[in-house]
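Participant: Have a look at this one.
The values are calculated or read from the model by the stated rules, or taken from the named source; none is laboratory data. Remember, predicted model here, so these are calculated numbers, not experimental data. Cβ placement follows ideal geometry from the backbone for every residue including glycine, while neighbour counts extend to all protein chains displayed. Surface accessibility is based on the protein's heavy atoms, side chains included, excluding ligands, DNA and RNA. Shrake-Rupley method; radii C 1.70, N 1.55, O 1.52, S 1.80 Å.
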Amino acid sequence: MLDKIQEFASEFFVTGDPLILGAQVSIAIAMVAIVFVLTYFRKWVWLWREWLTTVDHKRIGIMYIICSILMLFRGGVDALLMRLQLAVPNAEFLHPEHYNQIFTTHGVIMILFMAMPLMFGLFNVIMPLQIGARDVAYPFLNALSFWLFFFGAMLFNVSFIIGGSPDAGWLAYPPLSGLEHSPGVGQNFYIWGIQISGIGSLATGINFIVTILKMRAPGMTLMKMPMFTWSVFSSCIIIIFAFPILTVTLALLFLDRFLGAHFFTLDGGGNPMMYINLIWMWGHPEVYIVILPAFGIFSEIVATFSKKTLFGYKSMVFAMLIISVLSFFTWVHHFFTMGSGADVNVFFAITTMAIAIPTGAKVFNWLFTMYRGRIKFTTPMLWTIAFIPCFVIGGMTGVLLSVAPADFQFHNSYFLIAHFHQVLIGGVAFGYFAGLYYWWPKMFGFKLNEHLGKWAFWLWNIGFYVCFMPQYFLGLDGMTRRVSTYDFDMGWGSLNMVSTVGGFLMGIGFIFQVWQIAYSIKHHEKDVTGDPWDGRTLEWSIPSPAPVYNFAVTPHVEHVDDWWETKQKRAAAGAAKEPRPVYEPIHMPKNSAIPFVKSALWFFVGFGFVWDWMWMAIPALIGVGICMLARSFTYDDDYYIQVDEIERTEAALRGVKA
Amino acid sequence: MAQAHAAAKGGHGHHDHGHHDLESMKTFGFWLFLITDCILFGTLFATYIVLRGNTNGGPTPEELFQMPMILAETFILLTSSFTSGLAVLAMHQGKVKQLIGWLIVTALLGASFIGLEIYEFVHMVHEGATISTSAFLSGFFALVGTHGLHVSLGLVWMIGLMIQLRRRGITPVTKRKVEVLSLYWHFLDVVWIFVLTVVYLMGVM
Ligand code: HEM
Ligand SMILES: [Cu+2]
């Protein structure tokens, strides 16, 4: 009996690696500590009522952001472990198998569980406020999306202490990821973790498109929408076209592994190349899903801190929409070398280069917006300015990669690694950091400390170039990606050491950011204006943090930067008092436990399938069905906020006595 | 897929616009969901087409497909689409009983479609044609099976809806639900026409 349990445990838990043992122990301690603190301070009910069951888009957004920062930490530790291993030749810090697991989980976590939720977090917190809406179109579905993401990410993350991590690369190419070459459960965790959170992303795409099309404040025509909202819109369009492809691809891979199907196997008539096509038909658009919102953020910030209207608004919108269409016609550039034939390669080389045109137009628009502006160098603006050269270099190396014959040289080398980090960190991460700094006061009612923020900024930036510029040269020197060690005589040692130093500089930058947040929470000055940056768009017209109902009175929009125009008008009119607003009862959705419960059940469905435990998967699946029916039978799911309560809230928020 | 229909009831602010606005917004979201479902099926069709020649020495479409039964399935599903249309008509005339009656007929037809499909699958498996026999059969079971899964989900949903209609009658909410369900049902019908053409007819030709 006892040895049976032992045998099971040794298969179930990952053992034998001191690094992982350390992680297991610290996770256990952290869990106990969290449970203890919540119990000691009697916060369980509060947590449940205010957060776990909330349907308020602002709170959902904040939860997305918290999770994504935690995931940035995990992905960052992975990155630094890899860099440590590569810092010197012939290092024996990580075993090759462990190295494979780390680069796989690093890639997945950074893109799907760090960048995506950070993006959804900003979508949620800001976009409805920008269009003057009370809420998103489907608040319940929105909560469900978040919890699906959360439990999907958890499922993926437990793999490194339970069962073992996937190790077939972040896109899990078969036959490597097939049953024959990855017989363990790691690849199952990959499939289910991404599948569950992916369904959530798809739902968000639908939700936000409807929100933008149907819930704009009266007067806000499409061409008066703020640029960030436009970027959300284009990103969501890509989501609803790309994510179903991912859903199918992962499902088919699962059928191969679980039922012995032959979609992507080498035998039985399967076709591994089909997987590579399918995954990149999602994968390439995916990178545009995450970059477009960053473009939107930069556009907002540039206009605000240059005190000018965005240059070329219409061309910006147009460029964004073109990019979202073109992004679907470039996927083959990820495997020029895999025998598609010259004419196919030429087509995809040209479409790839074509994307540089609208992107270039945008860069010029940002530059023209700054030209002759009264620029203020706040932290969000610094990240924006730093983004421009970084993205220009990253874009140019991308164009080099898109030259199909040249790609036969660059492909799978460190040149590629340097390129995509340049666009992902310099574009996506910088963009979302800028957005986070910019909208932080809207979320929490105080600014983050600018001094510490500048330290973080410089550490990240210098660290970035120190880390990734050498990698271009390493790539040209023939260092291929995913090698876990190399010999002295390759001559890659010094550049790799430099690169590692850069990686750690960014790590220190991250620590500064955490410190900055902690410090500002303690020492902040409350912002009572709701508009600390002298902003231009509607989210700045209401108090911070925004009340549950967002706008006490629905705004009427006349201009592109409507709030800016309103402020100008008010200033011109002198100190004339605004008429007292007339409030009406506000219709709101009720909290619901179903999104949380249902997503938790999905976790068990996934976990059951991972281990081939039908006794767990099937009841959990039935539970999911019951949740769906329960939702369908819920009719009493809304309430009204009455006028007197609005009056009290508004008075309290604006610091006047009612 | 499931998320969308179990999904949200909005909380859009203007209470002066009232429920009508909210319900029409949900229908709009459902159209978007159908677009995503189209892409889902499109991807499955593409994989099927790529793999359909790879029979790996196993049975070929000509040997497997029993056309009379497939035509019967088709006829049943098309009829159910028609009866779901009659249900919506009855709803617009405010006749709850008739509405529920037509929904029952639709559900029975849907159930017989699923019954025949299960029979077909079981039969194939007995003849040794399983999902792991060849790439062609993998593609076949994934595509046709996904359609069948959609129909089955629709059935559960329809039963739930009938109970709600019994309890509440025709309200703006139940009305929207019936409309969305019939949209879904017609959509599955259209997908089936493609399945019939691409999988069965082109398979035996
Ligand atoms: C904190 C700084 C970062 C460092 C030092 C770093 C370092 C690395 C390293 C060493 C690799 C493995 C290269 C190999 O295959 O051998 C890698 C891969 C990767 N990184 Fe990062 N990374 C960082 C941040 C990010 C961010 C922010 C993202 C995405 C938003 C990202 C996305 C990826 C992806 C997609 C891969 C490919 C994984 C694969 O090879 O399958 N990284 N990174
Ligand atoms: Cu690409």
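Participant: From the list A:S315, A:S324, A:S340, which one is in a helix (DSSP H, G or I) and closer than 21 Å to A:L278 by Cβ?
Facilitator: Within the list A:S315, A:S324, A:S340, the selection yields A:S324.
Participant: Let me confirm something: among B:A72, B:A87, which residue is in contact (Cβ under 8 Å) with a residue 12 or more places away in the chain, of a type in the set (A, V, I, L, M, F, W, C), assigned to a helix (DSSP H, G or I) and surrounded by fewer than 17 Cβ atoms within 10 Å (Cβ to Cβ)?
Facilitator: Details: B:A87 fails: surrounded by fewer than 17 Cβ atoms within 10 Å (Cβ to Cβ).
Selected residue: B:A72, the only one of B:A72, B:A87 that is in contact (Cβ under 8 Å) with a residue 12 or more places away in the chain, of a type in the set (A, V, I, L, M, F, W, C), assigned to a helix (DSSP H, G or I) and surrounded by fewer than 17 Cβ atoms within 10 Å (Cβ to Cβ).
Participant: For segment B:14-31, check the following and say yes or no: at least one residue is at pLDDT 90 or above and within 15 Å of the chain's Cα centre (by Cα).
Facilitator: Yes, because at least one residue in segment B:14-31 is at pLDDT 90 or above and within 15 Å of the chain's Cα centre (by Cα).
Participant: Moving on. Looking at segment B:161-186, I want the residues that are under 21 Å from B:D21 (Cβ atoms) and have a partner that is acidic (D, E) and surrounded by 15 or more Cβ atoms within 10 Å (Cβ to Cβ) with Cβ atoms under 8 Å, at least 6 apart or on another chain. Which pairs are those?
Facilitator: B:P172/B:E23; B:V173/B:E23; B:K175/B:E23; B:R176/B:E23
Participant: Which one is farthest from the other protein chains (Cβ to nearest Cβ), of the residues in segment B:144-170 that are within 30 Å of B:A46 (Cβ to Cβ) and open to solvent by 50 Å² or more (accessible area, probe 1.4 Å)?
Facilitator: B:L149
Participant: Return the residue satisfying two criteria in turn: it lies in segment A:406-417 and is part of a helix (DSSP H, G or I) and more than 10 Å from ligand 1 (Cβ to nearest atom), and of such residues it is nearest to A:M506 (Cα to Cα).
Facilitator: Ranking the candidates gives A:F415 first.
Participant: Same structure again: Exactly one of (1) in a loop (DSSP other than H, G, I, E, B); (2) under 30 Å from A:Y438 (Cα atoms) is unmet by A:S201. Its number?
Facilitator: For A:S201, the exception is condition (1).
Participant: Now for a separate question. Of the numbered conditions (1) in contact with a Ser or Thr (Cβ under 6 Å, 6 or more places away or on another chain); (2) within 7 Å of chain B (Cβ to nearest Cβ); (3) within 16 Å of ligand 2 (Cβ to nearest atom); (4) not basic (K, R), A:I240 satisfies every one except a single condition; which is it?
Facilitator: So the condition that A:I240 fails would be (3).
Participant: Right, next: Filter segment A:258-277 down to the residues that are more than 7 Å from chain B (Cβ to nearest Cβ), open to solvent by less than 20 Å² (accessible area, probe 1.4 Å) and part of a helix (DSSP H, G or I), then identify the one that is nearest to A:A294 (Cα to Cα).
Facilitator: So the residue we want is A:I276.
Participant: While we're on this one: Select from segment A:597-640 the residues that are in a helix (DSSP H, G or I), open to solvent by 40 Å² or more (accessible area, probe 1.4 Å) and farther than 26 Å from B:I159 by Cβ and list them in ascending order.
Facilitator: A:W615
Participant: Ok, one more. If I filter segment B:129-143 down to residues being assigned to a loop (DSSP other than H, G, I, E, B) and out of contact with any Leu (no Cβ under 8 Å at 6 or more places or on another chain), which single residue comes out as farthest from the other protein chains (Cβ to nearest Cβ)?
Facilitator: Looking at residues that are assigned to a loop (DSSP other than H, G, I, E, B) and out of contact with any Leu (no Cβ under 8 Å at 6 or more places or on another chain), I get B:T133.
Each row is one residue, and each column tells you yes or no for (1) open to solvent by 80 Å² or more (accessible area, probe 1.4 Å); (2) within 17 Å of A:P226 (Cβ to Cβ); (3) part of a loop (DSSP other than H, G, I, E, B); (4) not assigned by the TED database to the domain that holds A:K224.
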position	(1), (2), (3), (4)
A:A546	no, yes, yes, yes
A:T554	no, yes, yes, yes
A:V557	no, yes, yes, yes
A:V560	no, yes, yes, yes
A:E565	no, yes, no, yes
A:A571	no, no, no, yes
A:R580	yes, no, yes, yes
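Participant: Among the residues of segment A:641-653, which ones are touching a Phe, Trp or Tyr at 6+ places or on another chain (Cβ under 7 Å) and open to solvent by 60 Å² or more (accessible area, probe 1.4 Å)?
Facilitator: The one that is touching a Phe, Trp or Tyr at 6+ places or on another chain (Cβ under 7 Å) and open to solvent by 60 Å² or more (accessible area, probe 1.4 Å): A:E647.
Table: residues versus (1) of a type in the set (S, T, Y); (2) open to solvent by less than 20 Å² (accessible area, probe 1.4 Å).
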residue: A:Y371; (1), (2): yes, no
residue: A:A386; (1), (2): no, yes
residue: A:V392; (1), (2): no, no
residue: A:G395; (1), (2): no, no
residue: A:A406; (1), (2): no, no
residue: A:Q409; (1), (2): no, no
residue: A:L416; (1), (2): no, no
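Participant: Right, next: Any residue at all in segment A:495-507 that's more than 29 Å from the chain's Cα centre (by Cα) and more than 16 Å from ligand 2 (Cβ to nearest atom)?
Facilitator: yes
Participant: If I filter segment A:243-255 down to residues being within 8 Å of chain B (Cβ to nearest Cβ) and either out of contact with any Ser or Thr (no Cβ under 7 Å at 6 or more places or on another chain) or of a type outside the set (F, W, Y) (or both), which single residue comes out as surrounded by the most Cβ atoms within 10 Å (Cβ to Cβ)? Working first, answer last.
Facilitator: Applying the first criterion (within 8 Å of chain B (Cβ to nearest Cβ)) to segment A:243-255 yields A:243-245, A:247-249, A:251-252, A:255.
Those still in the list that are either out of contact with any Ser or Thr (no Cβ under 7 Å at 6 or more places or on another chain) or of a type outside the set (F, W, Y) (or both) too: A:244-245, A:247-249, A:251-252, A:255.
On the way: A:P244: 25, A:I245: 25, A:T247: 20, A:V248: 22, A:T249: 29, A:A251: 18, A:L252: 24, A:L255: 20.
In this case the residue turns out to be A:T249.
Participant: Follow-up. When the residues of segment A:213-235 are filtered to those that are open to solvent by less than 10 Å² (accessible area, probe 1.4 Å) and small (G, A, S), which remaining residue is nearest to the other protein chains (Cβ to nearest Cβ)?
Facilitator: The extreme case among them is A:A217.
Participant: Quick test of your reading of the structure: A:W280 fulfils all but one of (1) open to solvent by 20 Å² or more (accessible area, probe 1.4 Å); (2) more than 16 Å from ligand 1 (Cβ to nearest atom); (3) within 24 Å of A:G205 (Cβ to Cβ); (4) of a type in the set (F, W, Y). Name the failing condition by number.
Facilitator: If we test A:W280 against (1) open to solvent by 20 Å² or more (accessible area, probe 1.4 Å); (2) more than 16 Å from ligand 1 (Cβ to nearest atom); (3) within 24 Å of A:G205 (Cβ to Cβ); (4) of a type in the set (F, W, Y), just (2) comes out false.
Participant: Still on this model: Out of everything in segment A:18-65 that is modelled with pLDDT of 95 or more and in a loop (DSSP other than H, G, I, E, B), what residue ends up being surrounded by the fewest Cβ atoms within 10 Å (Cβ to Cβ)?
Facilitator: This residue is A:T53.
Participant: Of everything in segment A:165-184, what is away from ligand 1 (no atom under 14 Å from the Cβ) and buried (at least 22 other Cβ atoms within 10 Å of the Cβ)? Give them in sequence order.
Facilitator: Scanning segment A:165-184 gives A:P174, A:G178.
Participant: Please go through segment A:290-339 and pick out each residue that is within 14 Å of chain B (Cβ to nearest Cβ) and within 16 Å of ligand 1 (Cβ to nearest atom).
Facilitator: Scanning segment A:290-339 gives a single hit, A:W331.
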